[in-house]
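Data first, discussion second: the structure below is written as C-alpha coordinates.
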Amino acid sequence: MNAPNVDPNVPHPARVYDYWLGGKDNYAADRAVAEAVMAATPGVVTGARENRAFLGRAVRWLCEQGVDQFLDLGSGIPASGSTHEVAQGLNPAARVAYVDNDPVVLVHARALLRGAPEGRTTYIEADLRRPRTILDSPEVRATLDFSRPIAVIIVGTLTHLRDEDDPWAAVRACTDATVPGSYLALTHLTADFELADGFPTGPLQVTHRTGEQVLRFFDGFQVVEPGLVWASDWKHLGALPTGSVRGAYGVVGRKI
Ligand SMILES: C[S@@+](CC[C@H](N)C(=O)[O-])C[C@H]1O[C@@H](n2cnc3c(N)ncnc32)[C@H](O)[C@@H]1O
(Lines give C-alpha, C1' and ligand atoms only; values in the text may rest on other atoms or scores of the structure.)
Protein backbone atom coordinates (compact mmCIF):
# COMPACT_ATOMS: atom_id res chain seq x y z
CA MET A 1 0.00 0.00 0.00
CA ASN A 2 1.79 3.14 -1.18
CA ALA A 3 0.02 6.43 -1.12
CA PRO A 4 1.29 9.95 -1.58
CA ASN A 5 1.09 12.15 1.53
CA VAL A 6 0.81 9.17 3.86
CA ASP A 7 3.18 8.92 6.78
CA PRO A 8 2.90 5.29 7.96
CA ASN A 9 4.30 6.33 11.33
CA VAL A 10 1.35 8.59 12.08
CA PRO A 11 -1.77 6.62 13.03
CA HIS A 12 -4.96 7.64 11.29
CA PRO A 13 -8.53 6.91 12.48
CA ALA A 14 -9.55 5.40 9.12
CA ARG A 15 -6.82 2.75 9.39
CA VAL A 16 -7.38 2.12 13.10
CA TYR A 17 -11.05 1.51 12.32
CA ASP A 18 -10.09 -0.69 9.36
CA TYR A 19 -8.07 -2.87 11.76
CA TRP A 20 -11.07 -3.25 14.06
CA LEU A 21 -13.24 -4.27 11.13
CA GLY A 22 -10.72 -6.97 10.23
CA GLY A 23 -9.24 -5.10 7.25
CA LYS A 24 -5.64 -5.21 6.06
CA ASP A 25 -5.23 -1.58 5.05
CA ASN A 26 -3.37 -0.42 8.14
CA TYR A 27 0.23 0.15 9.29
CA ALA A 28 2.03 -0.89 12.48
CA ALA A 29 1.41 2.55 14.03
CA ASP A 30 -2.34 2.17 13.40
CA ARG A 31 -2.39 -1.35 14.83
CA ALA A 32 -0.55 -0.19 17.97
CA VAL A 33 -3.22 2.45 18.61
CA ALA A 34 -6.02 0.00 17.79
CA GLU A 35 -4.61 -2.58 20.22
CA ALA A 36 -4.14 0.05 22.95
CA VAL A 37 -7.79 1.08 22.67
CA MET A 38 -8.87 -2.59 22.63
CA ALA A 39 -6.92 -3.19 25.84
CA ALA A 40 -8.57 -0.21 27.52
CA THR A 41 -12.04 -0.83 26.08
CA PRO A 42 -12.55 -4.49 25.10
CA GLY A 43 -15.97 -3.79 23.54
CA VAL A 44 -14.52 -1.47 20.91
CA VAL A 45 -14.28 -4.07 18.12
CA THR A 46 -17.92 -5.06 18.51
CA GLY A 47 -18.74 -1.36 18.71
CA ALA A 48 -16.96 -0.67 15.40
CA ARG A 49 -18.88 -3.49 13.71
CA GLU A 50 -22.14 -2.23 15.16
CA ASN A 51 -21.36 1.24 13.86
CA ARG A 52 -20.96 -0.32 10.42
CA ALA A 53 -24.20 -2.27 10.86
CA PHE A 54 -26.04 0.98 11.69
CA LEU A 55 -24.74 2.39 8.40
CA GLY A 56 -26.26 -0.55 6.53
CA ARG A 57 -29.63 -0.32 8.29
CA ALA A 58 -29.81 3.45 7.82
CA VAL A 59 -28.93 3.35 4.11
CA ARG A 60 -31.43 0.53 3.52
CA TRP A 61 -34.16 2.46 5.33
CA LEU A 62 -33.33 5.64 3.39
CA CYS A 63 -33.61 3.72 0.12
CA GLU A 64 -37.02 2.50 1.25
CA GLN A 65 -38.02 6.15 1.71
CA GLY A 66 -37.13 6.73 -1.96
CA VAL A 67 -33.74 8.40 -1.40
CA ASP A 68 -31.35 7.63 -4.25
CA GLN A 69 -28.50 10.08 -3.56
CA PHE A 70 -25.96 9.83 -0.74
CA LEU A 71 -23.19 12.15 0.46
CA ASP A 72 -21.07 10.00 2.78
CA LEU A 73 -18.72 12.13 4.90
CA GLY A 74 -15.92 10.11 6.50
CA SER A 75 -16.44 7.05 4.31
CA GLY A 76 -13.49 5.08 5.69
CA ILE A 77 -11.47 2.54 3.76
CA PRO A 78 -13.79 0.47 1.58
CA ALA A 79 -15.12 -2.51 3.47
CA SER A 80 -18.02 -4.78 2.84
CA GLY A 81 -21.37 -3.11 3.39
CA SER A 82 -20.29 0.32 2.12
CA THR A 83 -22.98 2.87 1.33
CA HIS A 84 -22.87 2.31 -2.45
CA GLU A 85 -23.00 -1.47 -2.04
CA VAL A 86 -26.13 -1.29 0.10
CA ALA A 87 -27.81 1.51 -1.88
CA GLN A 88 -27.03 0.20 -5.37
CA GLY A 89 -27.91 -3.32 -4.24
CA LEU A 90 -31.44 -2.01 -3.69
CA ASN A 91 -31.48 0.63 -6.42
CA PRO A 92 -28.77 0.23 -9.09
CA ALA A 93 -29.35 3.84 -10.17
CA ALA A 94 -28.39 5.24 -6.74
CA ARG A 95 -25.62 7.84 -6.68
CA VAL A 96 -23.00 8.09 -3.97
CA ALA A 97 -20.28 10.67 -3.29
CA TYR A 98 -17.74 9.61 -0.69
CA VAL A 99 -15.49 12.00 1.23
CA ASP A 100 -12.62 11.19 3.59
CA ASN A 101 -9.53 13.06 4.72
CA ASP A 102 -7.25 10.02 4.82
CA PRO A 103 -5.17 9.85 1.60
CA VAL A 104 -4.97 6.07 2.00
CA VAL A 105 -8.67 5.89 1.18
CA LEU A 106 -7.87 7.37 -2.24
CA VAL A 107 -5.55 4.44 -2.95
CA HIS A 108 -8.57 2.18 -2.67
CA ALA A 109 -10.86 4.49 -4.58
CA ARG A 110 -10.68 2.36 -7.71
CA ALA A 111 -12.16 -0.58 -5.90
CA LEU A 112 -14.66 1.74 -4.25
CA LEU A 113 -15.66 3.32 -7.54
CA ARG A 114 -16.68 0.00 -8.99
CA GLY A 115 -20.33 0.81 -8.43
CA ALA A 116 -23.34 -0.36 -10.41
CA PRO A 117 -23.11 0.81 -14.05
CA GLU A 118 -26.54 2.49 -13.88
CA GLY A 119 -25.59 4.46 -10.80
CA ARG A 120 -22.62 6.64 -10.12
CA THR A 121 -20.06 6.55 -7.35
CA THR A 122 -17.28 9.04 -6.72
CA TYR A 123 -14.70 9.67 -4.05
CA ILE A 124 -12.89 12.84 -3.07
CA GLU A 125 -10.21 13.48 -0.50
CA ALA A 126 -11.44 16.44 1.55
CA ASP A 127 -11.86 17.56 5.12
CA LEU A 128 -15.28 17.96 6.68
CA ARG A 129 -13.88 20.90 8.62
CA ARG A 130 -13.73 22.73 5.27
CA PRO A 131 -17.20 21.97 3.88
CA ARG A 132 -16.87 24.31 0.88
CA THR A 133 -14.14 22.05 -0.54
CA ILE A 134 -16.76 19.30 -0.55
CA LEU A 135 -19.73 21.31 -1.77
CA ASP A 136 -17.77 23.05 -4.54
CA SER A 137 -16.05 19.87 -5.70
CA PRO A 138 -16.74 19.26 -9.41
CA GLU A 139 -16.79 15.48 -8.79
CA VAL A 140 -19.42 15.82 -6.07
CA ARG A 141 -21.48 18.24 -8.20
CA ALA A 142 -21.26 15.88 -11.19
CA THR A 143 -22.46 12.96 -9.08
CA LEU A 144 -25.22 14.45 -6.94
CA ASP A 145 -28.14 16.61 -8.03
CA PHE A 146 -28.58 19.14 -5.23
CA SER A 147 -32.04 20.12 -6.52
CA ARG A 148 -33.32 16.71 -5.35
CA PRO A 149 -33.20 15.10 -1.85
CA ILE A 150 -29.84 13.81 -0.69
CA ALA A 151 -29.04 11.76 2.40
CA VAL A 152 -26.00 13.13 4.22
CA ILE A 153 -24.34 10.21 6.01
CA ILE A 154 -21.83 10.98 8.78
CA VAL A 155 -21.26 7.68 10.52
CA GLY A 156 -18.46 7.61 13.11
CA THR A 157 -16.83 10.78 11.78
CA LEU A 158 -17.93 13.70 13.99
CA THR A 159 -16.27 12.12 17.01
CA HIS A 160 -12.95 13.05 15.34
CA LEU A 161 -13.85 16.75 15.19
CA ARG A 162 -13.16 18.83 18.29
CA ASP A 163 -15.59 21.44 19.58
CA GLU A 164 -13.11 24.13 18.40
CA ASP A 165 -13.62 22.79 14.85
CA ASP A 166 -17.30 23.71 15.20
CA PRO A 167 -18.66 20.45 13.79
CA TRP A 168 -22.19 21.89 14.00
CA ALA A 169 -21.31 24.64 11.50
CA ALA A 170 -19.61 22.11 9.21
CA VAL A 171 -22.65 19.81 9.20
CA ARG A 172 -24.99 22.76 8.81
CA ALA A 173 -23.07 23.98 5.74
CA CYS A 174 -23.55 20.56 4.14
CA THR A 175 -27.21 20.17 5.01
CA ASP A 176 -27.96 23.80 4.03
CA ALA A 177 -26.90 22.80 0.51
CA THR A 178 -29.68 20.17 0.38
CA VAL A 179 -33.40 20.62 -0.30
CA PRO A 180 -36.24 19.90 2.18
CA GLY A 181 -37.02 16.18 2.21
CA SER A 182 -33.30 15.41 2.42
CA TYR A 183 -31.95 13.38 5.35
CA LEU A 184 -29.11 13.41 7.85
CA ALA A 185 -27.98 10.10 9.37
CA LEU A 186 -25.18 9.94 11.91
CA THR A 187 -23.60 8.05 14.75
CA HIS A 188 -21.65 9.73 17.52
CA LEU A 189 -19.65 8.45 20.50
CA THR A 190 -21.22 9.37 23.81
CA ALA A 191 -20.61 8.86 27.50
CA ASP A 192 -24.32 9.23 28.26
CA PHE A 193 -25.03 5.49 28.56
CA GLU A 194 -21.93 4.20 30.33
CA LEU A 195 -18.68 5.46 31.82
CA ALA A 196 -19.20 9.04 32.86
CA ASP A 197 -15.80 10.14 31.57
CA GLY A 198 -16.27 8.48 28.21
CA PHE A 199 -14.64 5.18 27.49
CA PRO A 200 -10.86 5.19 27.25
CA THR A 201 -9.55 5.54 23.71
CA GLY A 202 -5.87 5.75 24.59
CA PRO A 203 -3.90 7.71 22.04
CA LEU A 204 -6.87 8.01 19.67
CA GLN A 205 -8.19 11.54 20.11
CA VAL A 206 -11.98 11.51 20.13
CA THR A 207 -14.72 13.71 21.53
CA HIS A 208 -17.71 12.17 23.24
CA ARG A 209 -20.89 14.26 23.00
CA THR A 210 -24.10 14.32 24.98
CA GLY A 211 -27.50 13.59 23.48
CA GLU A 212 -28.30 17.29 23.63
CA GLN A 213 -25.14 18.12 21.65
CA VAL A 214 -25.92 15.38 19.12
CA LEU A 215 -29.46 16.66 18.62
CA ARG A 216 -28.06 20.11 17.80
CA PHE A 217 -26.88 18.61 14.48
CA PHE A 218 -30.58 18.11 13.70
CA ASP A 219 -31.76 21.73 14.01
CA GLY A 220 -34.19 22.19 11.12
CA PHE A 221 -34.77 18.42 10.90
CA GLN A 222 -37.52 16.16 12.13
CA VAL A 223 -35.87 13.23 13.90
CA VAL A 224 -37.46 9.99 12.70
CA GLU A 225 -38.47 7.03 14.89
CA PRO A 226 -37.03 5.65 17.12
CA GLY A 227 -35.34 9.01 17.83
CA LEU A 228 -32.08 9.50 19.71
CA VAL A 229 -31.06 5.97 20.70
CA TRP A 230 -28.09 3.66 21.15
CA ALA A 231 -26.87 3.17 17.56
CA SER A 232 -27.09 -0.62 17.87
CA ASP A 233 -30.76 -0.30 18.76
CA TRP A 234 -31.75 1.92 15.81
CA LYS A 235 -34.36 -0.05 13.82
CA HIS A 236 -32.58 -3.21 14.90
CA LEU A 237 -34.45 -6.46 14.37
CA GLY A 238 -33.65 -9.57 16.37
CA ALA A 239 -31.33 -10.01 19.32
CA LEU A 240 -28.88 -7.24 20.07
CA PRO A 241 -25.19 -8.18 20.09
CA THR A 242 -23.60 -8.93 23.41
CA GLY A 243 -20.23 -7.80 24.74
CA SER A 244 -20.31 -4.33 23.23
CA VAL A 245 -20.05 -0.96 24.91
CA ARG A 246 -23.19 1.16 24.77
CA GLY A 247 -21.04 3.94 23.48
CA ALA A 248 -22.68 5.62 20.48
CA TYR A 249 -25.88 7.35 19.50
CA GLY A 250 -27.48 6.67 16.13
CA VAL A 251 -29.93 9.24 14.76
CA VAL A 252 -31.67 9.94 11.46
CA GLY A 253 -33.66 13.06 10.65
CA ARG A 254 -35.60 14.47 7.70
CA LYS A 255 -35.03 18.06 6.63
CA ILE A 256 -38.15 20.16 7.11
C1 LIG B 1 -14.86 5.48 12.48
S2 LIG B 1 -14.48 5.73 10.79
C3 LIG B 1 -16.08 5.44 10.05
C4 LIG B 1 -16.05 4.97 8.62
C5 LIG B 1 -17.42 4.71 7.97
N6 LIG B 1 -18.23 5.92 7.95
C7 LIG B 1 -18.18 3.63 8.68
O8 LIG B 1 -19.11 3.94 9.41
O9 LIG B 1 -17.86 2.46 8.52
C10 LIG B 1 -14.34 7.51 10.73
C11 LIG B 1 -13.87 8.06 9.40
O12 LIG B 1 -13.93 9.51 9.44
C13 LIG B 1 -12.80 10.00 8.74
N14 LIG B 1 -12.55 11.38 9.19
C15 LIG B 1 -12.14 11.78 10.42
N16 LIG B 1 -12.04 13.12 10.47
C17 LIG B 1 -12.41 13.58 9.24
C18 LIG B 1 -12.50 14.87 8.66
N19 LIG B 1 -12.20 15.97 9.36
N20 LIG B 1 -12.91 14.99 7.37
C21 LIG B 1 -13.21 13.87 6.64
N22 LIG B 1 -13.13 12.61 7.14
C23 LIG B 1 -12.74 12.47 8.42
C24 LIG B 1 -11.68 9.03 9.08
O25 LIG B 1 -10.62 9.09 8.15
C26 LIG B 1 -12.42 7.70 9.06
O27 LIG B 1 -12.37 7.11 7.79
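The values are calculated or read from the model by the stated rules, or taken from the named source; none is laboratory data. Because the structure is predicted, anything quoted here is derived from the model rather than measured. Counting neighbours? That spans all protein chains shown, and the Cβs are built from the backbone with ideal geometry, glycine included. We work out accessible area using only protein heavy atoms, side chains counted, and drop any ligands, DNA or RNA first. Shrake-Rupley method; radii C 1.70, N 1.55, O 1.52, S 1.80 Å.
If you add up the charges near residue 164, with Lys and Arg at +1 and Asp and Glu at -1, over every other residue whose beta carbon is less than 15 angstrom from its beta carbon, what do you get?
Values: positive: 129, 130, 162, 209; negative: 127, 163, 165, 166.
Result for the local shell: 0.
Express in % the proportion of alpha carbon pairs of the range 163-239 at distances exceeding 14 Å.
68
Could you work out what % of the accessible surface of the chain is carbon and sulfur, using a 1.4 angstrom probe and leaving DNA, RNA and ligands out of the count? Please report the intermediate quantities before stating the final value.
Working: 5750 of 11230 Å².
Result for the chain: 51 percent of the exposed heavy-atom area is carbon or sulfur.
Where Lys and Arg each count +1 and Asp and Glu each count -1, what net charge lies around residue 74 among other residues with Cβ under 14 Å from its Cβ? If you can, show how the numbers build up before the last one.
Details: positive: 15, 52, 129, 130; negative: 18, 72, 100, 102, 125, 127, 165.
Here the count lands on -3.
What would the Debye equation give as log₁₀ I(q)/I(0) for the range 39-123 at q = 0.23, 0.24 Å⁻¹, counting only Cα atoms as equal point scatterers?
Rounded to two decimals, the profile gives -1.10, -1.17.
For the chain, with every protein chain kept in place, what is the accessible area per residue (1.4 Å probe, Å²)?
44
Who wins for biggest fluctuation among 17, 27, 183 in a Gaussian network model of the chain, springs between alpha carbons below 10 Å?
Top of the fluctuation ranking is 27.
Give me P(r) over the range 45-255, computed from all C-alpha to C-alpha distances, binned every 5 Å, as integer percentages.
1, 7, 16, 21, 22, 17, 10, 4, 1, 0
With θ taken as phi - 60° and the coefficients 6.51, -1.76 and 1.60, list the Karplus ³J(HN,Hα) couplings across the range 83-98 in order, rounded to whole Hz; mark glycine and proline as x.
3, 5, 5, 5, 5, 6, x, 8, 9, x, 8, 5, 10, 9, 10, 9
Could you tally the net charge around residue 9, taking each other residue with its Cβ under 14 Å from the Cβ of residue 9, Lys/Arg +1 and Asp/Glu -1?
Charge balance in the 14 Å sphere: 0.
Evaluate 2.2 N^0.38 Å with N set to the residue count of the range 99-214, then give the Cα radius of gyration divided by it. Write out the running numbers ahead of the final one.
Details: Rg = 15.9 Å, N = 116, 2.2 N^0.38 = 13.4 Å.
Normalised by 2.2 N^0.38 Å, the Cα Rg of the range 99-214 equals 1.19.
Would you list 159, 46 from the most to the least accessible area, probe 1.4 Å?
46, 159
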